[in-house]
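For reference, the structure discussed in these notes is given below.
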Amino acid sequence: MNVNWKKISVILIDIALTVYLVLAITVFNRPDEKANVCNDVKIGIAGGVVDGFLTQTEIKHILQQQKLYPKGLPMAQVNTRAIEDALNQNPLVEQAQCYKSQNGNLHIELTQRLPVLRVKAENGDDYYIDNHGGIMPNTRYTSNLVVATGAIDKKYAKRALSRIGNIIVHDKFWCNQIEQLNVLSDGSVELVPRVGDHVVYLGRPVNIRQKLDRLQKFYLYGLSQAGWNKYAYISLEFDNQIICTKRNAKQL
């Protein structure tokens, strides 16, 4: 059997070149972490429809407190897993990811939990509800959110108030118009508006979007003509109707 040594030589050369190129990419061009230091920390915080509580300065402060802020450290000593774990344990963080780049920067990509309502219940509870219905602890931060008061336990807040809060924060008109929610002992809900000296009764926390749509039309075609202070109480409890109680002479 004749062996084609020329063909075999070409194949071996091709294999050698392929191995060299792979090594060149994966080894020879790999930055020397022992020699490189972390030049900068790039922090990205995903935005939302409402302002959250976390800023780049706050993230830096959290890492500094736990002695994990990496700027100036050799890249080989930067523990991205430890940084992720520290941030993910924070009650204001939904998810954090961390990675190194070849230019000596550390990148932190973070999604924060976004508050949609502030709860100040009559039982003394004081916390925030996030956009997923989770409980967020009260913090030193302030946020321009609707405040929910009254007979509220955490189960009710997660189930009902989170849905109402999401509807409000995603609607520019209601964000500006609603100042307070008040939960009565039977679980029904009242609204206190910023404009207009009246209280709006929603009833049970169902069909909230439809009720608010009816109220917005009433504001546009009713109160804008009759006057914002004509009624003391506006009820949206029943479908397809709005019941208004006029302000009496003593209230004028």
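The values are calculated or read from the model by the stated rules, or taken from the named source; none is laboratory data. Just so you know, these numbers come straight off a predicted model, no measurement behind them. Quick reminder, even Gly has a Cβ in these numbers, built from the backbone with ideal geometry, and neighbours come from all protein chains shown. The area values use the complete protein model at the heavy-atom level, side chains included, leaving out ligands, DNA and RNA. Shrake-Rupley method; radii C 1.70, N 1.55, O 1.52, S 1.80 Å.
Say we look at region 28-59 and pick out the residues that are within 13 Å of Asn90 (Cα to Cα) and at pLDDT 80 or above; which of these is surrounded by the fewest Cβ atoms within 10 Å (Cβ to Cβ)?
Glu58
Tell me which of these Leu87 doesn't satisfy, since it passes every other one: (1) in a helix (DSSP H, G or I); (2) of a type outside the set (Val, Ile, Thr); (3) open to solvent by 10 Å² or more (accessible area, probe 1.4 Å).
(3) is the only condition that Leu87 fails.
Being modelled with pLDDT under 95 and exposed (fewer than 15 other Cβ atoms within 10 Å of the Cβ) is the requirement here; does Asn144 meet it?
Judged against the criteria, Asn144 is a match.
Go through region 117-140 and give me each residue that's surrounded by 20 or more Cβ atoms within 10 Å (Cβ to Cβ) and β-branched (Val, Ile, Thr).
Val119, Ile129
Quickly run through region 93-144 and pick out the residues that are in contact (Cβ under 8 Å) with a residue 24 or more places away in the chain and aliphatic (A, V, I, L, M).
Result: Val93, Leu106, Ile108, Leu110, Leu114, Val116, Leu117, Val119, Ala121, Ile129, Met136.
Quick one: which strands (runs of 3 or more DSSP E) lie wholly within region 168-252 and hold at least 2 residues that are among the polar types (S, T, N, Q) and open to solvent by 80 Å² or more (accessible area, probe 1.4 Å)?
In region 168-252, there are no strands (runs of 3 or more DSSP E) which contain 2 or more residues that are among the polar types (S, T, N, Q) and open to solvent by 80 Å² or more (accessible area, probe 1.4 Å).
Within region 95-106, is there a residue that is of a type in the set (S, T, N, Q) and open to solvent by less than 50 Å² (accessible area, probe 1.4 Å)?
yes
Determine if region 58-72 includes at least one residue that is under 30 Å from Ile167 (Cα atoms) and of a type outside the set (S, T, N, Q).
Checked against the condition, which is being under 30 Å from Ile167 (Cα atoms) and of a type outside the set (S, T, N, Q), region 58-72 yields at least one hit.
Just one of (1) part of a helix (DSSP H, G or I); (2) in contact with a helix residue (DSSP H, G or I) (Cβ under 8 Å, 6 or more places away or on another chain) trips up Leu161, so point out which.
Leu161 satisfies every listed condition except (2).
I'm told Thr149 meets every condition in (1) in a strand (DSSP E or B); (2) within 28 Å of Val41 (Cβ to Cβ) except one. Can you identify the failing condition by its number?
Among (1) in a strand (DSSP E or B); (2) within 28 Å of Val41 (Cβ to Cβ), Thr149 violates only (2).
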